[in-house]
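The values are calculated or read from the model by the stated rules, or taken from the named source; none is laboratory data. Given the structure is predicted, the values throughout are model-derived calculations rather than measurements. Keep in mind that these areas ignore ligands, DNA and RNA; they rest on the heavy atoms of the full protein, side chains included. Shrake-Rupley method; radii C 1.70, N 1.55, O 1.52, S 1.80 Å.
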Amino acid sequence: ALPFARFGALHAAEEGQGAPGATGMADGAAADEDVLRGARILVVEDDLVNRLVLTRSLERCGVCAVGAEDGRQALAALEGGDVDALVLDLQLPYLDGVSIAKMVRAGQTGAAADTPIVALSADATAGSRQRCLLAGMDHALSKPVDLEQLKNLLRDALGARRILERPC
């Protein structure tokens, strides 16, 4: 996975935007996104299109989003401990999302044990949701992901935590 600083700059250049973190939102919506601005969110999704849609949608809110495509990349990205929240697909190569969440909660990664975790799953059953919650995940969303719902969950989870202003 790319470091957060390089990732934000890379996508700003790809999108033809100005400075990383520019949201492109109307002024009224910007106030609602303040809690997301500058948050460092790791998106772990093995499908490239889904990963890009999620990361770019979050970047438009001022999030410093970085993507990982499998469990190994997720653990490598978590080693630095510089993650404010985790958006985690359940079905991943090498190490599944439930195992990653359990490792975060047990303090076995560089991330804080109380890092907010939002699970993503194509399985919309109550059993899948229960499995996520038992693994310590804060929320579980079914695919296809409602991007506004995801941002609202992240906003609520991060609003309870203090995010220091730091550049992407």
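Structure values in brief
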item: The range 45-149 - percent of accessible surface contributed by carbon and sulfur, probe 1.4 Å; result: 50 percent
item: Å³ per residue enclosed by the Cα convex hull of the range 47-125; result: 94 Å³
item: Rh (Kirkwood; distinct C-alpha pairs) - the range 81-144, Å; result: 11.6 Å
item: Accessible surface, 1.4 Å probe, highest first, among residues Thr115, Thr125, Thr109; result: Thr125, Thr109, Thr115
